[in-house]
Amino acid sequence: MTDQNPPARIGLVAATVAGRRHADTLAAAWPHARLMEGETVADALRAAWAGCDAVVAFLATGAVVRIVAPLLDDKRTDPAVVVVDEAARHAVALLGGHAGGGNALAEQVAALLDARPVITTATDAVGLPGLDTLGWPVQGAVAAVSRAILDGEPVRLVADADWPLPALPPNVRAADEGDPRDDGYRLLVTDRVVPPDERTAVLRPPSLVAGVGASRGVPAAEVAELLHRVLAEAGLDPASLRCLTSADIKADEAGIRSTADALGVPLVTWPATRLAAIDVPHPSEVVRAAVGTPSVAEAAALLGPDGRADDATLLVGKTATAMATVAVARHAPRGRLAVVGLGPGAADLRTPRAVAELRRAAVVVGLDQYLDQVRDVLRPGTRVLSSGLGAEEARARAAVAEAAAGRAVALIGSGDAGVYAMASPALEYADERIDVVGVPGVTAALAAGALLGAPLGHDHAYLSLSDLHTPWEVIERRVTAAAEGDFVTLFYNPRSRARDWQLGKALGILAAHRSPDTPVGVVRNASRPGERVHLATVATLDPAIVDMYSVVVVGSSDTRLVAGRMVTPRGYRWRS
């Protein structure tokens with residue numbers, strides 16, 4: 001997906017005038033991209049390979065292959081390479097498609113050059129998640145297991161806990177207890193060290209937290225050696241380390257910080273008072289006297305990055321050398337709930353982040369008509385839970401229940417999920433067992449405002465006229481306040497067959513505080529088939545043309561019609 005940021009350092013290589021012109025387009029958009037120089041184009045390409053995180057070469061694919069072939073080392077460390085033809089018709093992800101971000105970079109280059117991205121990794125071609133794209137380290141027979149998944153062969157999923165994985169195809173199935181098929185392909189999700197074989201790939205979930213205590217000036221080598229020894233003796237893989245943790249007074253300890261940097265994990269620290277509140281098996285009065293808590297390593301490991309010791313199990317008690325102490329805890333997985341706003345309806349107003357979350361989910365929950373808008377972007381194997389109008393609370397509860405069970409869930413709504421949509425009912429029930437991700441969307445109000453002109457140029461108020469959950473007396477009081485405050489007023493849920501009088505009543509309240517010629521805009525099906533824009537005034541609007549697919553925008557006393565468009569001035573007094 002194109003919502004990823006481009007690599008930090010991009011080397012651009014071009015041999016022709018056209019190639020350099022295309023390179024200039026990328027350099028203008030990306031300050032971190034630069035045209036590489038060299039006596040020959042091959043020298044420039046080799047310099048980009050050595051000094052950049054990614055390379056975009058405006059050369060023939062064959063030429064690039066011949067130049068970089070001797071430089072290839074490891075896909076986890078080699079830079080991504082994207083090749084663009086002379087006419088900038090295609091952006092080919094040549095190397096580092098997943099591991100190096102080449103696929104995403106090809107899409108980004110194509111977007112800037114109005115080219116077509118060419119991505120040939122097999123999983124992307126058929127819409128399956130690559131094992132190396134799930135955000136976790138993956139080890140073992142990755143290519144063999146990926147090929148088995150693609151070929152539809154049975155693959156056993158063996159997980160130590162219910163981690164929120166994305167949708168996997170039907171041939172990847174959780175192993176039954178006592179399953180005798182040990183000679184087939186396996187996908188393990190574990191933090192334990194397992195013997196390698198030719199049919200097993202291992203995903204490393206971020207389950208481990210290492211608490212570290214140390215004397216002032218501890219060498220980094222001593223911390224790292226102790227940590228790796230403790231993990232090895234416990235049969236735990238360092239790739240599952242989520243973070244290192246310690247006391248606040250150790251936040252600047254170079255030996256601890258450099259160890260975290262070398263592992264590529266953050267260092268999280270806690271106040272001594274917070275550490276002292278954690279029950280540990282091996283408290284020390286000596287440590288209490290020195291730092292104000294009877295435990296640093298064990299307590300910090302249990303607190304983890306989120307301060308939630310209740311979901312942690314101490315696997316390795318404190319183990320010490322002359323200047324360092326380490327303890328290791330395993331933290332239980334939490335489900336993942338993405339609350340996704342789909343925008344007003346048009347696919348091109350749906351954000352890349354929304355699409356990425358839909359493809360990240362194993363379960364998608366939503367209103368049936370909204371699910372119909374996105375079925376084409378869901379991965380094979382995604383479980384869909386749909387329901388009809390009026391079941392908002394049931395949908396919210398279903399999504400939360402699925403996430404609480406450890407699954408990756410996307411709960412969808414139109415517009416922005418936080419504006420008269422599913423975020424509020426869902427988050428009323430989502431507790432500490434769930435990681436929540438909010439994905440903003442283009443609201444109906446914004447889509448309507450863009451079609452009407454610029455009615456939202458100054459202060460405005462959103463109001464729902466539905467009295468199904470809010471008493472009309474409360475709604476009426478809020479409409480009156482918006483009228484008295486001279487806000488541009490947007491009405492959601494303005495009129496239905498069962499509620500046909502509320503809009504007229506609300507317009508009457510506004511009319512008492514507005515000129516009769518105040519502009520009013522009605523937008524129906526914004527960005528969807530049947531889109532319609534109607535302009536009227538407070539005095540002339542006929543509520544009968546409005547329904548539940550409409551948004552009504554009533555101007556303030558400053559709103560004007562300019563060339564047939566609603567405009568609310570921002571109130572500035574410009575000076576020459």
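Every number here is computed from the coordinates shown, using simple stated rules; none is lab data. Worth saying up front: this structure is predicted, and the values here are computed from it rather than measured. Using ideal geometry, Cβ is built from the backbone for each residue, glycine included, and neighbour counts are taken over all protein chains shown.
Exposed loop sites are taken as trypsin sites (Lys or Arg not before Pro) in a DSSP loop (any state but H, G, I, E or B) with at most 12 other beta carbon atoms within 10 Å; the longest stretch of the chain without one runs 217-496. Within the chain, antiparallel bridges make up roughly 40 percent of the DSSP beta bridges whose residues both belong there. Magnitude of the charge dipole for the range 416-514, about its Cα centre and with charges confined to Cβ atoms of Lys, Arg (+1) and Asp, Glu (-1), is about 480 debye. With both labels modelled 7 Å from their Cα along Cα-to-Cβ, the residue 505 to residue 66 distance reads 8.0 nm.
Remark: relative contact order (the range 458-524) = 36 percent; criterion is Cα-Cα distance under 8 angstrom and separation of 6 or more residues. Each label was represented as a point 7 Å from its Cα along the Cα-to-Cβ direction; for residue 480 and residue 216 these points are 6.7 nm apart.
Placing R0 at 22 angstrom, the Cβ-Cβ distance between residue 308 and residue 273 gives a FRET efficiency of 0.85 after rounding to 0.05. The value of relative contact order for the range 485-576, using C-alpha pairs under 8 Å at least six residues apart, is 35 percent. How would you classify the range 10-120 from its alpha-carbon gyration tensor, with a ≥ b ≥ c the square roots of the eigenvalues: rounded for a/c under 1.5, else prolate if a/b is greater than b/c, otherwise oblate? Rounded, because the longest to shortest axis ratio a/c is under 1.5. What FRET efficiency would be calculated for the residue pair residue 144, residue 515, taking the C-beta separation as r and a Förster radius of 56 Å, to the nearest 0.05? Using R0 = 56 Å, I get an efficiency of 0.15. What length, rounded to one decimal in nm, is gained on full extension from residue 8 through to residue 289, with 0.36 nm per residue of separation minus their alpha-carbon distance? Contour length minus Cα-Cα distance gives 96.6 nm. Each listed q (0.12, 0.14, 0.20, 0.21 Å⁻¹) maps to a log10 I(q)/I(0) for the range 275-408 from the Debye sum over equal C-alpha point scatterers, namely -0.64, -0.72, -1.07, -1.16. Beyond 22 Å, what percent of the Cα pairs of the range 208-331 remain? The share of Cα pairs beyond 22 Å in the range 208-331 comes to 21 percent. Pairs of Cα atoms nearer than 8 Å and 6+ residues apart set the relative contact order; for the chain it is 9 percent.
Our estimate of slack between residue 468 and residue 32, defined as 0.36 nm per intervening residue step minus the Cα-Cα distance, is 151.7 nm. Per the Debye calculation on the chain with a single equal scatterer at every Cα and no solvent contribution, log₁₀ I(q)/I(0) for q = 0.05, 0.06, 0.09 Å⁻¹ amounts to -0.31, -0.44, -0.93. Placing +1 on the Cβ of every Lys and Arg and -1 on the Cβ of every Asp and Glu, with no other charges, gives the range 200-291 a dipole of roughly 160 debye about its Cα centre.
Given +1 at the Cβ of Lys and Arg, -1 at the Cβ of Asp and Glu and no other charges, the dipole of the chain around its Cα centre is 1180 debye to the nearest 20. Grab the DSSP H runs of the chain that are 4 residues or longer, score each as -39,500 (n - 2.57), total them, divide by all residues and round the 222 nm result to the nearest 500 deg cm²/dmol. Using -39500 (n - 2.57) per qualifying helix, the result is -8500 deg cm²/dmol. Toward the positive end of the charge dipole of the chain, with +1 on the Cβ of Lys and Arg and -1 on the Cβ of Asp and Glu, the farthest Cα among 188, 159, 466 is that of 466. One decimal place: the segment residue 346-residue 171 gains 59.6 nm when fully extended, by the rule 0.36 nm per residue minus the C-alpha distance. Relative to the longest principal axis of the Cα atoms of the chain, helix 17-29 runs at roughly 80 degrees.
Taking the range 249-288 and a reference point 7 angstrom along Cα→Cβ of residue 232, no backbone N atom is nearer than 13 Å. Once you sort the root eigenvalues of the Cα gyration tensor of the range 335-442 as a ≥ b ≥ c, which label holds: rounded (a/c under 1.5), prolate (a/b larger than b/c) or oblate (the other case)? The shape class here is rounded.
Quick one: if the Förster radius is 25 Å, what FRET efficiency do residue 547 and residue 437 give, using the C-beta to C-beta distance and rounding to 0.05? So the FRET efficiency works out to roughly 0.15. Of all lysines in the structure, not one has an alpha carbon short of 27 Å from that of residue 505, not counting any fewer than 8 places away in one chain.
Every Cα-Cα pair of the range 488-536 was included, and the share exceeding 12 Å stands at 70 percent.
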